[in-house]
Amino acid sequence: MPQSIKTPLLDKVSTPAQLRELEDADLPQLAEELRAETVSAVSVTGGHLGAGLGVVELTLAIHKVFDTPDDKLIWDVGHQCYPHKIITGRRERIRTLRQGGGLSGFTKRAESEYDPFGAAHSSTSISAGLGMAVARDLSDCDNNVVCVIGDGAMSAGMAYEAMNNAGAMDSRLIVILNDNDMSIAPPVGAMSAYLARRISGGTYRQLRNWAKQLAKKLPKKWERRAARAEEYTRGFWTGGTLFEELGFYYVGPIDGHNFDHLLPVLRNVRDAKEGPILVHVVTQKGKGYGPAENSDDKGHATARFNVVTGAQEKSKPNAPSYTKVFANTLSKLAEDDDKIVGITAAMPSGTGLDIFGDKYPDRCFDVGIAEQHAVTFAAGLASQGYKPFAAIYSTFLQRAYDQVVHDVAVQKLPVRFAIDRAGLVGADGPTHAGSFDVAYLCCLPDFVVMAAADEAELTRMVATAVAIDDCPSAFRFPRGEGVGVEMPENPEPLEIGKGRIIREGSSIALLSLGTRLSESLNAADQLAAQGLPATVADARFAKPLDHDLITRLAKDHDVLVTIEEGSVGGFGSHVLKFLSDEGLLEGGLKVRTMVLPDIFIDQNKPELMYAQSGLDADGIVKTVFAALGREQTAETGERA
């Protein structure tokens, strides 16, 4: 007999309400279709694939059991939310993921009522969920709050701070631990599924509460012993003693790909009305798509790819990436200096420290998603004469700012910060933009802050950081490949606080910090065509400023424009303060500071984002003419 053709289900499910109309028996087919749709969409857009594939069944089970959006569902980090987006009214736009004008690659409040909390940094879900749960209680409402957090995110202290608070408050909150890597669970099978159903059910909970009430009538010593006996007996079978200590009622582990295990447990915890509950779900990252399952990172982040083969689109680079230049330079310098160590917060490949770690495994430390710890750990190393390089994305370094101030800057410890992903980062959007590091570091006393204009400059800045042994330092560089300049074989340290003149001109001075230097040179070409030959300078240092260079530019030119890939309050602000303090603004000098606009810029191609920000050659030229009070001629495509 030929097999009957199944009627597609995903076409009938565009909202969780429609999902809830299906029978439980329909969910495996729907999961298969949802997984295929996720693979198809990411093959077109690129993005985070493995995490979403691992939670397909969990996503459907949650929306089936809980009354979203009235029940609040919070995805920690959010890179696993693509299947969630598909079944919450966004399937028609799913192939715009991470594109200009398209869907965000993370949860986003402005995008859907099914995204009650935006996320892109890890370990925030339980804190946010507890806030929502308390707000619900204060409002006398009865909705559920569900937080889904991955095992990797549980390496961050914030998650435990939130759990400790939630356990002490005894608020009704459901946390689902998506364990796809840590292997903190015993083998998941029929027995563990049976136990999870039993201990999450009402009968067991009622018996447990009755026993607690009885124990309270006993002498205190016996009450404590009874509580410990129940806790550790359950902990022996389920492995949840840690979470019980934090005040959570632990359920699990259960198979996160088996609806027969997921649905009854989730229904039990939904109907439980007491305290915080943690459900331990074990899943497989990249589940159901062979190329993702077989890749080293389980398809965590991919470029566009061929669905059949899994082969990703790869363009031949014109130059090495800044990240690789940093890693290779640090590795080379470490050959002659055994005090150099590398530190990453769960981003070894993203920061290039996997290259360093392969060569010096005993001098490379991945501390997990724990930027605060990473910085103070580096401070401890520095206090003992080592030369720690804390390689952290600009956006993630924000999470450790108190440690940068209190544990590093106040003590003037020579921690070296390698700040990757400086400036705008393209598809990851505003949550990952490196917009603020210059502003939040330059305000700290005795901090050296550098920004590389190209990959050759980056090598010199790495060497400079190695040589600085009396204060903290940082050097920033963007995502992506360099500009293709010749690389120095043995990079020499820079003179601290000294910039360089790249091109001599007159009347107009363009003072660039970072990789806007190439756009400044392009702008100088346009200005020269307008009869305005411009001086172009590379500041190199945002702190300390090159006072001699700035003074010369101010005295010898009518217009001085600073250009940087950062927010207001950064390099340009410090230049303005110096000019004001020295009285250099009193002779008619026209100064303009070009920074990122005071908005969060949505994802797009980086070059389009910088054009939108006015930080390209055309924007620089327009700024110069506006300062002069003149209009551009038709040669540059502007009004005559």
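Taking every C-alpha pair closer than 8 Å and separated by at least 6 residues, the mean separation divided by the residue count of the stretch 474-619 gives a relative contact order of 24 percent.
Of the residues GLY50, ALA128, VAL39, the one whose Cα sits farthest towards the positive end of the charge dipole of the chain is ALA128 (charges of +1 on Lys and Arg Cβ, -1 on Asp and Glu Cβ, taken about the Cα centre).
Helical runs assigned H by DSSP (4 residues or longer) give the chain a calculated mean residue ellipticity at 222 nm of -11500 deg cm²/dmol, each run adding -39500 (n - 2.57) before division by the residue total. The slack in the chain from ASP446 to THR7, taken as 0.36 nm per residue of separation less the alpha-carbon distance, amounts to 151.3 nm. Toward the positive end of the charge dipole of the chain, with +1 on the Cβ of Lys and Arg and -1 on the Cβ of Asp and Glu, the farthest Cα among ASN294, LEU103, GLN29 is that of GLN29. Under the rule a/c < 1.5 gives rounded, and otherwise a/b versus b/c splits prolate from oblate, where does the chain land using the Cα gyration tensor? Since a/c reaches 1.5 and a/b is larger than b/c, the shape of the chain is classed as prolate.
Percent of C-alpha pairs per 5 Å bin in the stretch 559-640, short distances first: 3, 13, 20, 20, 19, 13, 8, 3, 0.
Summing charges over neighbours of GLY587, with a neighbour being any other residue whose Cβ is under 13 Å away from its Cβ, gives -2 when K and R count +1 and D and E count -1. Taking 0.36 nm per residue of sequence separation and removing the Cα-Cα distance, the ASP469/ILE599 pair yields an extension gain of 43.1 nm. Please label the shape of the stretch 322-476 as rounded, prolate or oblate, based on the square roots a ≥ b ≥ c of the eigenvalues of the alpha-carbon gyration tensor (a/c under 1.5 means rounded; beyond that, a/b larger than b/c means prolate, else oblate). Rounded, because the longest to shortest axis ratio a/c is under 1.5. Bridging of LYS6 to aspartates and glutamates at a Cα separation below 17 Å is possible for GLU23, ASP24, ASP26, GLU32, GLU33, GLU37, once same-chain residues fewer than 8 apart are set aside.
Overall shape: oblate for the stretch 318-375, with the ratio a/c of the largest to smallest alpha carbon gyration tensor axis at 1.5 or above and b/c at least equal to a/b. Bridging of LYS324 to aspartates and glutamates at a Cα separation below 12 Å is possible for ASP354, ASP420, GLU455, GLU481, once same-chain residues fewer than 8 apart are set aside.
Relative contact order of the chain, taken over Cα pairs closer than 8 Å and 6 or more residues apart, is 11 percent. Going by alpha carbons, how many degrees (0 to 90, nearest 10) lie between the helix axis of 617-628 and the longest principal axis of the chain? It works out to around 50 degrees.
Computed from Cα atoms, the angle from the helix 259-271 axis to the main principal axis of the chain rounds to 90 degrees.
Measure up LYS64/LYS273; LYS298/LYS332; LYS108/LYS273; LYS287/LYS359 against 21 Å on the Cα-Cα distance and list the ones that go over.
LYS298/LYS332; LYS108/LYS273; LYS287/LYS359
Averaging Cα coordinates gives a centre for the stretch 563-640 and one for the stretch 25-54; these two points are 44 Å apart.
Taking the Cα centre of the chain as reference, the dipole from Cβ charges on Lys and Arg (+1) and Asp and Glu (-1) amounts to some 1880 debye. From the alpha carbon centroid of the stretch 90-155 to that of the stretch 310-359 is 33 Å. What is the helix-to-structure angle for 202-216, meaning the angle in degrees between its Cα long axis and the longest Cα principal axis of the chain, kept from 0 to 90 and rounded to the nearest 10? Value to nearest ten degrees: 90. With Cα atoms defining each centre, the stretch 286-309 and the stretch 528-561 are spaced 49 Å apart in the structure.
Between SER507 and LYS324, the distance separating the two model label sites (each 7 Å from Cα on the Cα→Cβ line) works out to 4.4 nm. Straight Cα distances below 16 angstrom link LYS498 to the lysines LYS543, with same-chain residues fewer than 8 positions distant left out.
Normalising the average separation of contacting C-alpha pairs (under 8 angstrom, six or more residues apart) by the number of residues puts the relative contact order of the stretch 322-476 at 23 percent.
Readers should treat all values here as calculations from the given coordinates under stated rules, not as data from a laboratory. The model shown is predicted, which means the values in this text are computed figures rather than measured ones. All Cβ positions, glycine included, derive from the backbone under ideal geometry; neighbour counts span all protein chains shown.
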